[in-house]
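Peer 1: Below you will find the structure I want to go over with you.
The values are calculated or read from the model by the stated rules, or taken from the named source; none is laboratory data. Only a predicted model underlies this, so the values are computations on that prediction, with no experimental measurement involved. Counting neighbours? That spans all protein chains shown, and the Cβs are built from the backbone with ideal geometry, glycine included. Ligands, DNA and RNA are excluded from the accessible area calculation, which covers all protein heavy atoms including side chains. Shrake-Rupley method; radii C 1.70, N 1.55, O 1.52, S 1.80 Å.
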Amino acid sequence: SQHVISGSDAGILSFDFSCDKENTKPRIQVFWSADSYGMNEVASVNFNAHNGHVIVPLDAAPRWLSAKHIKKIRIDLSDKNSCQIFSIKNLSLGQRILGDK
């Protein structure tokens, strides 16, 4: 993308996930790279997914919040046998909206 996104600008990743095995919660890992580092385990988050809309709070990861220019995002299925066929649609990055107290 031509857009410069920092971790503090967009901390929520959301997408629609579908797995051919309905009664499983496959383990997913989201990686990202920034100007100062490439994709690695430290710059990633792990979670169990489910069929339907998934919201990932990337801003809970310190490396995400401190990233000044996110270059790439990669989504991996940790165990290829957990879903033989899967899809990720309607991928978007957003920001938390904090209300007044």
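Peer 1: Within the stretch 15-24, can you find the residues that are open to solvent by 90 Å² or more (accessible area, probe 1.4 Å) and either in contact (Cβ under 8 Å) with a residue 40 or more places away in the chain or not charged (D, E, K, R) (or both)?
Peer 2: Hit for the stretch 15-24 is N23, nothing else.
Peer 1: Same structure again: For the stretch 46-101, give me the residue count where each residue is part of a loop (DSSP other than H, G, I, E, B) and within 28 Å of D20 (Cβ to Cβ).
Peer 2: Of the residues in the stretch 46-101, 11 are part of a loop (DSSP other than H, G, I, E, B) and within 28 Å of D20 (Cβ to Cβ).
Peer 1: Got a sec? Which of K80, K89, K72 is open to solvent by 40 Å² or more (accessible area, probe 1.4 Å), of a type outside the set (S, T, Y) and at pLDDT below 90?
Peer 2: K80
Peer 1: Filter the stretch 25-38 for residues that are surrounded by fewer than 17 Cβ atoms within 10 Å (Cβ to Cβ) and either in contact with a strand residue (DSSP E or B) (Cβ under 7 Å, 6 or more places away or on another chain) or outside any strand (DSSP E or B) (or both) and give the result.
Peer 2: K25, R27, Q29, D35, S36, G38
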